[in-house]
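Asker: There's a structure below that I have some questions on.
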Amino acid sequence: AEGGRGPAAASWKADVADGFASVDALGQNGTYGGRDGRTVTVRTLADLEKYATAPEPYVIVVAAAITMEPKGKEIKVASDKTIVGSGTSGQIVGGGFFLGQGVHNVIIRNLTIRDSYEGTWNDKEHDWDAIQMDGAHHVWIDHNDLRHMADGLIDSRKDTTYLTVSWNRLQQNNKSFGIGWTENTTADITIHHNWFRESEQRNPSADNIAHAHLYNNYLQDDPGTDIDSSYGNYARGNTRMVLENSYFQGFRNPVIKDGTATLVQRGNVFVNTSGRNESGGTAFDPKAYYSYSLDPADRVPSIVSSGSGPGSAIGAAG
């Protein structure tokens, strides 16, 4: 389903990733998760962990709010898995998922992952993320609601590559989406149609990415709240970034880059932003790697606010 906007109840299992997660590489042809395995429905932590860590492919439908024990637990997901919320009922509370070195062909979709926050805004004690990836490849993170975690909402670390992050809500957090923790510049990542709202930093922070393609994202900082943005999209290190048709509302320093990074901007809209808004150098042509279509930037707030996050048709029986 191109863009994953509104799959019929019977078709979501066949959905495959777009963007860099769709590219054939490293012995993996696109990202389709557990499509070739059995479909199981889970409502307990024990069952979720049993199937997510299994060697066989599975489509794992989360049909309840599952509380992580102990708090901060991150389930070690194995390759060839789809973990999908059943409509809007699938929730992971107080923990998340970890994808280790070489784990591949994983879809995390249609879930609310929330509330490992421990009361310290810039928390150095609790590395409790919603989704952390260390050296994984071919991962599709789509239509989730990620919020209020002790550390990051998404951490893409240690050369994780062929990653697509689409149609998610990332909100109520200090450090939302960090990419890097490597000296190499090999990762290829697509980030589109995400809603970054009430998020202070890492929206995303993109360090040493060979090809970072960001388009049609909505970055919104509401005035008069306790959370103030420090920056929006950040191209760090040797990153090459293409940033297209995104909408920045109320953000300080909406687009920043290191002197060593390259960042090409096209068609973005900035409303009530302030501070740094930077670009420079030549990057790459995303269409050399995959096809995609852009929504008009002025329509991004309505499209993304209505279409992002868990939907009733994804993960539904049929």
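Asker: Inspect all residues belonging to the range 118-129 and state whether any of them is open to solvent by less than 20 Å² (accessible area, probe 1.4 Å), out of contact with any His (no Cβ under 6 Å at 6 or more places or on another chain) and closer than 24 Å to Ser306 by Cα.
Answerer: Checking the range 118-129: not a single residue is open to solvent by less than 20 Å² (accessible area, probe 1.4 Å), out of contact with any His (no Cβ under 6 Å at 6 or more places or on another chain) and closer than 24 Å to Ser306 by Cα.
Asker: While we're here: Can Trp167 be described as open to solvent by less than 10 Å² (accessible area, probe 1.4 Å) and more than 16 Å from Phe98 (Cβ to Cβ)?
Answerer: yes
Asker: Residues to consider are Ala8, Ala17; find the one that is in a loop (DSSP other than H, G, I, E, B) and either touching a Lys or Arg at 6+ places or on another chain (Cβ under 8 Å) or modelled with pLDDT under 95 (or both).
Answerer: Residue meeting the stated conditions: Ala8.
Asker: So, in the range 273-293, how many residues would count as being assigned to a loop (DSSP other than H, G, I, E, B) and surrounded by fewer than 14 Cβ atoms within 10 Å (Cβ to Cβ)?
Answerer: The total comes to 4.
Asker: I've got another one for you. Filter the range 281-318 for residues that are more than 19 Å from Gly19 (Cα to Cα) and among the small types (Gly, Ala, Ser) and give the result.
Answerer: Gly281, Ser302, Ser305, Ser306, Gly311, Ser312, Ala313, Gly315, Ala316, Ala317, Gly318 - these are the residues of the range 281-318 that are more than 19 Å from Gly19 (Cα to Cα) and among the small types (Gly, Ala, Ser).
Conditions (1) touching a Ser or Thr at 6+ places or on another chain (Cβ under 8 Å); (2) more than 16 Å from Ser176 (Cα to Cα); (3) without any contact (Cβ under 8 Å) to a residue 12 or more places away in the chain; (4) of a type in the set (A, V, I, L, M, F, W, C), marked per residue:
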position	(1), (2), (3), (4)
Gly224	no, yes, yes, no
Ser229	yes, no, no, no
Ala235	yes, no, no, yes
Thr273	no, yes, no, no
Asn277	no, yes, no, no
Ala288	no, yes, yes, yes
Ser291	no, yes, yes, no
Leu294	no, yes, no, yes
Arg299	no, yes, yes, no
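The values are calculated or read from the model by the stated rules, or taken from the named source; none is laboratory data. Quick caveat, the model's predicted, so the values are computed rather than measured. Cβ coordinates were reconstructed from backbone atoms using ideal geometry, including for glycine residues, and neighbour counts include every protein chain displayed. Just so you know, the surface numbers come from the protein's heavy atoms only, side chains and all, with ligands and any DNA or RNA stripped out. Shrake-Rupley method; radii C 1.70, N 1.55, O 1.52, S 1.80 Å.
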